[in-house]
Amino acid sequence: MKGHLQEIDELVDEWVPEPLAAPLTPREQADLAAIPVIIGPTGPKPKLASGKTVVNLATYNFTGLAGNETIKERVIDTVRKYGLGSCGPPGFYGTQDVHIQLEQDIADFLGTEASIIYAQAFSTISSVIPAFCKRGDIIVADRGVNFAIQKGLQISRCTIRWFDHNDMKSLEQVLQSTEKEWRKKKGPLTRRFIVTEGVFDHDGAMSDLPKLVELKLKYKYRLILDESVSFGSVGRTGRGLTELYNVPASQVDMLVGSLANGLTACGGFCAGSHIVVNHQRINGTAFVFSAAMPPSLAVAASEGINILRSTPSILSTLQDNVRAVRAVLDKVDCITIPSHPASPMIHLNVRLPSPTHLLPVASPSLASSSGKPSNPLSVHPRDPEVFDVELEERLLQDIVEEALVQGVMLTRSKRLRGQELTEVRPSIRLNLTAALTRKDCEKAAAVIKAAFIKVVSKRK
């Protein structure tokens with residue numbers, strides 16, 4: 001017995017546990033080392049730790065409200081009056097009058113009955129979906145939805161059916177096939193939802209909201225629309241797709257958005273009917289279990305809404321800048337742009353002339369070369385886009401670094417490779433801002449064009 005115990009002790013002494021994570025690759029280490037550090041306030045032309053002042057096309061400062069003096073004064077007054085954090089979830093003495101005012105401001109701004117605010121933007125949509133969608137319910141989702149939506153879909157445990165990215169014909173086919181499947185099985189009546197984005201985070205494409213509303217009414221679905229990118233950046237006054245397409249917000253059952261992007265505050269919101277909002281106060285996990293956002297940031301968001309209401313020129317300036325940049329970059333042979341012409345988030349893919357490179361095929365569509373639609377049970381399209389992740393990310397990072405040398409701060413779109421449901425094509429993500437002049441944007445676009453040509457030409 002003693003020898004047996006000694007043998008166990010020796011085995012324990014020799015055992016070496018596996019590491020919690022794999023060591024960083026040289027490329028990952030280089031990426032981390034290349035992240036610029038801003039000294040002082042962020043904004044359209046921040047100063048880096050290197051001492052260099054750069055044109056900022058990396059951050060989500062669409063409306064240019066970061067550093068707005070009126071908002072800063074309101075925030076300072078709020079900190080003096082309310083202090084810092086809320087120190088509690090909204091349902092446990094974390095709710096303050098400024099939170100209630102912000103919810104009212106959002107609802108009035110969008111034209112909905114009510115709204116609810118969350119302390120973090122990412123956790124908003126991933127809490128909204130499972131608050132309403134349960135096991136046995138049906139969700140028809142776009143194959144190109146962002147990672148936060150993907151997590152919400154997984155948590156909900158719903159039956160998921162997928163339609164091709166931003167393809168309304170594919171959506172209608174999936175709705176029809178789902179209806180036939182349900183009738184064939186003679187299953188119980190279930191709740192049904194369409195889940196998609198306004199402007200897609202992965203590529204800047206824009207949904208056809210009027211068609212979405214038409215289909216959801218025709219097939220009796222509820223619509224959950226994530227406007228995290230489009231709220232505060234699209235429409236005459238930044239109200240998003242409902243304003244752009246002149247669709248009443250009441251036609252969208254759950255309208256989700258970010259307060260951190262267009263309003264430069266923090267957190268997210270869900271706008272809709274009183275029933276939709278009140279249900280989340282009891283069942284929205286991120287709302288129930290997270291501390292309420294700091295009151296100063298709630299005031300910042302409310303003041304941002306007031307500025308957008310009274311200054312529509314902000315959005316017209318933003319769109320002028322978008323057009324100026326697109327006028328330069330749309331003509332560059334080594335750049336592919338999948339983003340909608342009105343999207344202030346512009347994704348740039350690299351297009352290589354080398355025959356050894358896996359050139360991208362046409363974007364996935366409803367009908368493949370075989371004439372058959374994609375399988376709605378699979379998140380993967382029948383004809384997936386083909387690309388070399390490692391090669392393209394390396395080239396794009398070289399372009400980012402070359403542009404930075406020339407005074408323009410860019411960023412690659414960062415992805416959780418291996419964790420997202422589908423592999424997203426590498427891109428550089430430009431975030432245009434109303435805080436820059438048209439001339440600034442044209443000069444920055446020229447720098448980006450030159451950086452692409454320089455890096456790609458080395459591959460020839």
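If only residues of the range 105-141 that are open to solvent by less than 10 Å² (accessible area, probe 1.4 Å) and under 14 Å from the mean Cα position of the chain (by Cα) are counted, the one that is nearest to SER378 (Cα to Cα) is ILE125.
Of all the listed residues (VAL386, VAL400), the sole one being farther than 30 Å from ALA49 by Cβ, touching a Leu at 6+ places or on another chain (Cβ under 6 Å) and not aromatic (Phe, Trp, Tyr) is VAL386. Residues in the range 298-332 that are surrounded by fewer than 16 Cβ atoms within 10 Å (Cβ to Cβ), touching a residue at least 12 places away in the same chain (Cβ under 8 Å) and not in a helix (DSSP H, G or I): PRO312 alone. Restricting the first member to the range 339-352 and to residues that are assigned by TED's automatic domain parsing to the domain that holds ALA327 and polar (S, T, N, Q), and the second to residues that are open to solvent by 20 Å² or more (accessible area, probe 1.4 Å) and assigned to a strand (DSSP E or B), the beta-carbon pairs closer than 6 Å and six or more apart or on different chains are ASN349/THR336. Can you find even one residue in the range 200-209 that is more than 13 Å from the chain's Cα centre (by Cα), touching a residue at least 12 places away in the same chain (Cβ under 8 Å) and crowded, with 22+ Cβ neighbours inside 10 Å? Taking every residue of the range 200-209 in turn, at least one turns out to be more than 13 Å from the chain's Cα centre (by Cα), touching a residue at least 12 places away in the same chain (Cβ under 8 Å) and crowded, with 22+ Cβ neighbours inside 10 Å. Against the list (1) in contact with a Gly (Cβ under 7 Å, 6 or more places away or on another chain); (2) touching a residue at least 24 places away in the same chain (Cβ under 8 Å); (3) open to solvent by 80 Å² or more (accessible area, probe 1.4 Å), the condition ARG27 fails is (1). Take the residues in the range 176-199 that are in a loop (DSSP other than H, G, I, E, B) and of a type in the set (Gly, Ala, Ser); name whichever of them is most open to solvent (accessible area, probe 1.4 Å). Of everything passing the filter in the range 176-199, GLY187 is most open to solvent (accessible area, probe 1.4 Å). I'd like to know if the range 89-97 contains one or more residues that are modelled with pLDDT of 95 or more and not in a loop (DSSP other than H, G, I, E, B). The answer is yes, given that some residue of the range 89-97 is modelled with pLDDT of 95 or more and not in a loop (DSSP other than H, G, I, E, B).
In the range 126-156, the qualifying residues are those that are basic (Lys, Arg) and at pLDDT 95 or above, and the one that is nearest to THR178 (Cα to Cα) is ARG143. Just so you know, in the range 2-53 the residues that are of a type in the set (Ser, Thr, Tyr) and in a loop (DSSP other than H, G, I, E, B) include one that is nearest to THR437 (Cα to Cα), and it is THR42. Looking across the range 45-68 at every residue that is modelled with pLDDT of 95 or more and open to solvent by 80 Å² or more (accessible area, probe 1.4 Å), the one that is nearest to VAL98 (Cα to Cα) is identified as LYS45. Of the residues PRO376, PRO295, which is modelled with pLDDT of 95 or more and either β-branched (Val, Ile, Thr) or open to solvent by less than 40 Å² (accessible area, probe 1.4 Å) (or both)? So the residue among PRO376, PRO295 that is modelled with pLDDT of 95 or more and either β-branched (Val, Ile, Thr) or open to solvent by less than 40 Å² (accessible area, probe 1.4 Å) (or both) is PRO295.
The values are calculated or read from the model by the stated rules, or taken from the named source; none is laboratory data. What you see is a predicted model; the values in this text were computed from it and never measured. Note that each Cβ is placed from the backbone with ideal geometry, even for glycine, and that neighbours are counted across all protein chains shown. For accessibility, only protein heavy atoms count, side chains too; no ligands or nucleic acids. Shrake-Rupley method; radii C 1.70, N 1.55, O 1.52, S 1.80 Å.
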